[in-house]
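For reference, the structure is listed below as structure tokens.
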């Protein structure tokens, strides 16, 4: 059963107090524009949590957003993300292709999806958590990346890593070859390979 009234009450409370943060997790939401149109009036909102709903498609969200938590939904395509977004937490959805990410993005948490290839990652990205997908090859990583968690994939060979990388978590893959480790690397976690 949907809990849209609770979501509307939380939006009204944010309109009154203007904290810049709003959590609408576990509200049974499916179509944001239809069910909670007042959300789109919050042009000061910087952090929004829409985790564990039934959302299949992202509507145009407030442009002021810097952090978006939208894990545990049914989203299959990345679209309509705010241009100022710096953190995106979109784990446990149905995403197959990384695309349409804002250039401002610094942290991406996109584990437990259906991604097979690393591509279209913004150059400003510093943290990438992409465990629990179907990735076979480390490729197309942004040069500024300092943290990479890519466990529980199908990677066999470590290669083409960014020079700035400091932490690398490759647990539960199929790695049989390691070469060209960046000099800045401080943590390398390879358990269950």
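The numbers here are math on the coordinates, done by the rules we state, and not lab data. Please read all numbers here as calculations on a predicted model, not as lab measurements. As a convention, Cβ positions derive from the backbone with ideal geometry for all residues, glycine included, and neighbour counts pool all protein chains shown.
Data overview
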quantity: Along principal axes, Cα extents of the chain, largest first, whole Å; calculated: 55, 30, 23
quantity: Cβ-based exposure ranking for 27, 116, in which fewest neighbours within 10 Å come first; calculated: 116, 27
quantity: Compactness of the stretch 90-191 - radius of gyration and Dmax, Cα, Å; calculated: 12.4, 35
quantity: Fluctuation leader among 18, 54, 106 - the chain, Gaussian network, Cα springs under 10 angstrom; calculated: 18
quantity: Structure-based [θ]222 nm, the chain - -39500 (n - 2.57) summed over DSSP H runs of at least 4, per residue, nearest 500; calculated: -2500 deg cm²/dmol
quantity: Virtual spin-label span in nm between residue 44 and residue 181, 7 Å along Cα→Cβ; calculated: 5.0
quantity: Distance (nanometres) between label positions extended 7 Å along Cα→Cβ at residue 174 and residue 106; calculated: 3.7
quantity: Kirkwood Rh and Cα Rg combined as Rg/Rh, the stretch 47-100; calculated: 0.91
quantity: Ranked list, fewest to most other Cβ atoms within 10 Å of each Cβ, for 59, 163; calculated: 163, 59
quantity: Degrees between helix 4-17 axis and first principal axis of the chain (Cα, 0 to 90, nearest 10); calculated: 90
quantity: Relative packing of 68-75, 149-156, which averages over residues the other C-beta atoms within 10 Å, highest first; calculated: 68-75, 149-156
quantity: Binned Cα-Cα distances of the stretch 54-149, short to long, each 5 Å bin given as a whole percent; calculated: 3, 14, 27, 28, 20, 7, 1, 0
quantity: Kirkwood Rh in Å, taken over the stretch 1-111 so that all alpha-carbon pairs contribute; calculated: 13.8
quantity: Counting all C-alpha pairs of the stretch 115-165, share separated by more than 16 Å (%); calculated: 32
quantity: Candidates 92, 26, 17, ranked by Gaussian network fluctuation over the chain, Cα under 10 Å, top entry; calculated: 17
